[in-house]
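The values are calculated or read from the model by the stated rules, or taken from the named source; none is laboratory data. What you see is a predicted model, and the numbers here were worked out from it, not measured in a lab. When we count neighbours, we look across all protein chains shown, and the Cβ atoms used for this are built from the backbone with ideal geometry, even at glycine. Accessible surface areas use protein heavy atoms only, side chains included; no ligands, DNA or RNA. Shrake-Rupley method; radii C 1.70, N 1.55, O 1.52, S 1.80 Å.
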Amino acid sequence: MKFKKVVMAGVLAATAIFGSFGLSACSRDTVTIRVFNWGDFIDPVVLEMFTEETGIRITYTTYDSNETMYARIQNTSFDVLFPSDFMISRLIEEDLLQELNFDNIPNFVNIGDRFRGLAYDPYDRFSVVYKWGTVGILYNTTMVSEPITSWASMFDPQYAGQIFMYDSMRDSFVVALRMLGYSINTTNINELHAARDLLISQRPLVLAYVGDDVKDRMIGGEAALALVYSGDALFAQRYNPDLNYVIPIEGSNVWYDAMVIPRNARNVTEAEMFINFMLRPDIAAMNVAYVGFTTANEAALRLIDPVIANNPIFWPSDEEYYRCEVFVHLGDFTREFDRAFTEVMASR
């Protein structure tokens, strides 16, 4: 079975396609926008369609963490980014984003009220939500001895060597902090150290700290339990019906990834055209079908396959949603998280 794995860099080969736009499309053929996004986070056909309809080329590059993205943009100019909530707060704080001109983004009207005025950008000046979801446990029902409901399962010795964790600082600490009853946004050093020690105690049970490959490895039955994003869980379940997903009873993280334009963008108008294109209901629905992550585009919901739209992984209940926290930027305390995660990773 061949699984989708799209991690593209360089100029998308299809961006030379101009369809039937003739001279109007070719008038833009010298404009290339640079899009920096997560791996596996957009249908490549959508990128082809954007160039086909506008003549604007796309250089598409991917990253595997907010921290990688942040480091790269210090020395490289991009036109559109897809950072997460807490990173958007940091970028705003450091004056690294441009305010959006919503006259060029009329499809913003399709974004549901629930996804406007969020704490990291309360006046919707800098960002438009693209995808959202939760963090939870993906488990193989043929490899566990009971229904999984709690983070405690990720520390159960009976699953030694059958657990995947994310190679991601904030996501990994969700497991330990919520298990201990602490906020995922703690700035209490004692709470952080307690969570660090819990993750260190877990290390002998962990098969590997992984990245985007977690869904393919769970599809293949390599482990019983995995820390995953909800969209990856939905994708994996398509190919392995023995997989199930749960938001643990102790609570978890609800996250938002949004489209933004960095301060040093070179093609701002074209970047806003791209954001507007991504907010078209049919385009949003295409991306859901390909990626699996939940859209904030409520106008697109009626276009989505009901099998996906009605799946509780895709759209959790209000009770599940409200027992989750949103990451916030921790300022200087981020260094303490960095130090603690380094100690976890060096402990084995």
For the range 111-229, list log₁₀ I(q)/I(0) at each q in 0.10, 0.15, 0.16, 0.19 Å⁻¹, using the Debye formula over Cα point scatterers of equal strength and ignoring solvent, two decimals each. -0.38, -0.76, -0.83, -1.02
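Percent relative contact order of the range 235-348, based on C-alpha pairs within less than 8 angstrom and at least six residues apart?
Numbers: 60 pairs, mean separation 36.3, N = 114.
This gives 32 percent for the range 235-348.
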Under a point spin-label approximation (7 Å from Cα along Cα-to-Cβ), what is the Ser317-Asn188 distance to one decimal in nm? 2.9 nm
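Please compute the volume of the convex hull spanned by the alpha-carbon atoms of the chain and report it per residue in Å³. Intermediate results must be reported in sequence, preceding the final value.
Numbers: hull volume 46.8 nm³, N = 348.
Once divided by residue count, the hull of the chain is 135 Å³.
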What percent does the relative contact order of the chain come to when contacts are Cα pairs within less than 8 Å and at least six residues apart? 25 percent
Report in % the part of the accessible area of the chain that belongs to carbon and sulfur, leaving out ligands and nucleic acids; probe 1.4 Å. 51 percent
Length-normalised contact order of the range 278-335, Cα under 8 Å, at least 6 apart, in percent, tallies to 26 percent
Out of residues 5 or more away from Val206 or on other chains, whose amide H comes under 5 Å of its own, with H placed 1.01 Å from N in the peptide plane? Gly161
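For the range 287-347, divide the Cα radius of gyration by the Kirkwood radius and give the resulting Rg/Rh value with two decimals.
Working: Rg = 17.7 Å, Rh = 14.9 Å.
On the Cα set of the range 287-347, Rg over Rh gives 1.19.
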For the range 230-348, build the convex hull from the C-alpha positions and give me its volume per residue in Å³. 183 Å³
What's the center-to-center distance, using Cα atoms, between the range 270-348 and the range 49-127 in Å? 14 Å
Modelling each spin label as a point 7 Å along the Cα-to-Cβ direction, I'd like the Arg266/Asp113 distance in nm, to one decimal. 4.3 nm
Using the Karplus curve 6.51 cos²θ - 1.76 cosθ + 1.60 with θ = phi - 60°, what ³J(HN,Hα) values do you get for each residue of the range 42-49, in whole Hz, with x for Gly and Pro? 7, 6, x, 5, 4, 5, 4, 5
Can you give the log10 of the normalised intensity I(q)/I(0) at q = 0.13, 0.20, 0.22, 0.23 Å⁻¹, computed with Debye over equal Cα scatterers of the range 197-291? -0.69, -1.08, -1.18, -1.23
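For Thr54, Thr269, give me the order by solvent-accessible area with a 1.4 Å probe, most accessible first, ignoring ligands, DNA and RNA.
Working: Thr54 25, Thr269 70 Å².
From most accessible down to least: Thr269, Thr54.
Counting only helical runs of four or more DSSP H residues, what would the 222 nm mean residue ellipticity of the chain come to if each run contributes -39,500 (n - 2.57) and the total is spread over all its residues? Walk me through the numbers on the way to the answer.
Values: 13 runs with 116 residues, N = 348.
For the chain, the value works out to -9500 deg cm²/dmol.
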Residue-by-residue Karplus 3J(HN,Hα) for the range 291-297, coefficients 6.51, -1.76, 1.60, Hz, glycine and proline x: 8, x, 6, 6, 8, 8, 8
Karplus-derived 3J(HN,Hα) from phi for the range 207-213 (6.51 cos²θ - 1.76 cosθ + 1.60, θ = phi - 60°), whole Hz, x at Gly and Pro, runs 5, 6, 8, 10, x, 4, 6
Students often get this wrong: which residues of the range 249-291 have the backbone nitrogen under 13 Å from the point 7 angstrom along Cα-to-C-beta of Phe102? none
How much accessible area per residue does the chain have, in Å², with a 1.4 Å probe? 40 Å²
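Quick check: net charge around Asp338, other residues with Cβ under 15 Å of its Cβ, Lys/Arg +1 and Asp/Glu -1? Can you show the working numbers first?
On the way: positive: Arg90, Arg170, Arg196, Arg335, Arg339; negative: Glu67, Asp167, Asp171, Asp332, Glu336, Glu343.
That works out to -1.
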What does a probe at Ser150 reach in the range 185-210, counting residues whose amide N is under 17 Å from the point 7 Å along Cα→Cβ? 198-199, 202
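Taking Rh as the Kirkwood radius computed over C-alpha pairs, what is the Stokes-Einstein D of the range 77-118 at 10 °C in a medium of viscosity 1.306 mPa s, expressed in µm² per second? Kindly include the intermediate steps, with their values, before the conclusion.
Numbers: Rh = 12.1 Å.
Translational diffusion coefficient: 131 µm²/s.
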